[in-house]
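K.L.:
I'd like to ask some things about the structure below.
The values are calculated or read from the model by the stated rules, or taken from the named source; none is laboratory data. Just so you know, these numbers come straight off a predicted model, no measurement behind them. All Cβ positions, glycine included, derive from the backbone under ideal geometry; neighbour counts span all protein chains shown. In case anyone asks, the SASA skips ligands and DNA or RNA and just uses the protein heavy atoms, side chains included. Shrake-Rupley method; radii C 1.70, N 1.55, O 1.52, S 1.80 Å.
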Amino acid sequence: MLENVPNETETKVNGVERKDAQRDLIRESFLFREVPEEALNFCLARSREEQAARGAALYTPARFRRCLGLVLAGRVRVTRGELFVGVLERGDWFGAAALFNDREEYPSTLTALAECRVLFLPQDTVAELMERWPRVGANYVRYLSGRICFLSDRLNSLAAGSAEEKVEQFLLRSADACGRVTVSATAIAQALGLGRASVYRAFDRLEERGVLSRAGKTFTLNPRDPM
């Protein structure tokens with residue numbers, strides 16, 4: 001369950017006032033690069049800070065907001081069905097897929113891995129920021145373009161090569177910062193259009209090559225020697 005946290009709070013975090021820490025975090029984000037302080041003040045006045053307990057769902061396919069969210073503290077797990085996508089850390093934004101479209105479902109599930117604080121910026125506020133400060137719009141388009149390139153590269157890597165190469169690339173793209181990913185063979189097979197037998201054979205060959213180790217549905221990608 002998400003709970004409202006008034007923006008006016010004077011609670012201190014690690015000796016720094018939360019409000020000041022929040023401002024600094026937003027100022028350093030992609031959306032406010034080379035944007036005047038006035039836009040930042042506008043954002044803070046129109047946003048809402050909320051907190052979530054460990055295990056709480058921030059977004060699900062059926063329950064989400066047309067907002068940009070910024071992780072102020074804590075960690076958030078991102079999954080798509082059974083597929084582990086990644087972990088959001090302090091300073092990471094989410095929710096772009098919910099803005100400026102009529103889709104009735106959000107593509108991912110976001111779950112708090114620890115107690116979290118999140119800042120929500122509503123769609124109408126984002127739109128007004130873009131109208132009043134065009135640089136915000138340019139920054140947002142640049143961010144979306146980067147996401148498109150990333151997804152295009154991912155599709156290319158998954159579409160080419162053997163089953164072993166496809167599975168390896170899939171796991172590399174899905175792993176967290178520690179090289180771990182938890183996913184079922186069925187989910188991988190469906191995502192790649194492969195048979196389960198082919199996926200299991202790929203697991204075996206990747207283990208033989210020392211690329212990964214596995215325990216049930218959890219895979220750990222081993223560090224590679226530098227070229």
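K.L.:
Starting from residues that are without any contact (Cβ under 8 Å) to a residue 60 or more places away in the chain and open to solvent by 30 Å² or more (accessible area, probe 1.4 Å), keep the ones in the stretch 89-100 and report whichever is farthest from Arg173 (Cα to Cα).
P.N.:
Phe100
K.L.:
Here's something else I'd like to know. Criterion first (part of a helix (DSSP H, G or I) and either at pLDDT 90 or above or of a type in the set (Ser, Thr, Tyr) (or both)) does Arg135 satisfy it?
P.N.:
Taking the combined requirement at face value, the residue satisfies it.
K.L.:
Check Ser184, Ser174 and return the single one that is small (Gly, Ala, Ser), modelled with pLDDT of 80 or more, in contact with an Asp or Glu (Cβ under 8 Å, 6 or more places away or on another chain) and at negative phi.
P.N.:
Step by step, each of Ser184, Ser174 is checked, and only Ser184 is small (Gly, Ala, Ser), modelled with pLDDT of 80 or more, in contact with an Asp or Glu (Cβ under 8 Å, 6 or more places away or on another chain) and at negative phi.
K.L.:
Separate question: Quick one: how many residues across the stretch 119-133 are in contact with a Leu (Cβ under 8 Å, 6 or more places away or on another chain) and free of Cβ contacts under 8 Å to residues at least 60 places away in the same chain?
P.N.:
Qualifying residue count, the stretch 119-133: 2.
K.L.:
Does Arg103 fit the bill of being open to solvent by 60 Å² or more (accessible area, probe 1.4 Å), assigned to a loop (DSSP other than H, G, I, E, B) and in contact (Cβ under 8 Å) with a residue 60 or more places away in the chain?
P.N.:
No: the conditions fail for Arg103.
K.L.:
Something else: Being open to solvent by 50 Å² or more (accessible area, probe 1.4 Å) and within 17 Å of the chain's Cα centre (by Cα) is the filter here; which residues of the stretch 116-131 pass it?
P.N.:
Matches in the stretch 116-131: none.
K.L.:
Across the stretch 41-62, what is the total count of residues that are open to solvent by 50 Å² or more (accessible area, probe 1.4 Å), in a strand (DSSP E or B) and either of a type in the set (A, V, I, L, M, F, W, C) or closer than 26 Å to Leu172 by Cα (or both)?
P.N.:
Selection size over the stretch 41-62: 0.
K.L.:
Also, I was wondering about something else. Every residue in the stretch 30-40 that is under 26 Å from Thr79 (Cα atoms) and open to solvent by less than 10 Å² (accessible area, probe 1.4 Å), please.
P.N.:
Passing the criteria: only Leu31.
K.L.:
To continue, here is another question. Does the stretch 63-84 hold any residues that are in contact with a Ser or Thr (Cβ under 6 Å, 6 or more places away or on another chain) and either open to solvent by less than 20 Å² (accessible area, probe 1.4 Å) or not charged (D, E, K, R) (or both), and which are they?
P.N.:
Of everything in the stretch 63-84, those that are in contact with a Ser or Thr (Cβ under 6 Å, 6 or more places away or on another chain) and either open to solvent by less than 20 Å² (accessible area, probe 1.4 Å) or not charged (D, E, K, R) (or both) turn out to be Val78, Thr79, Phe84.
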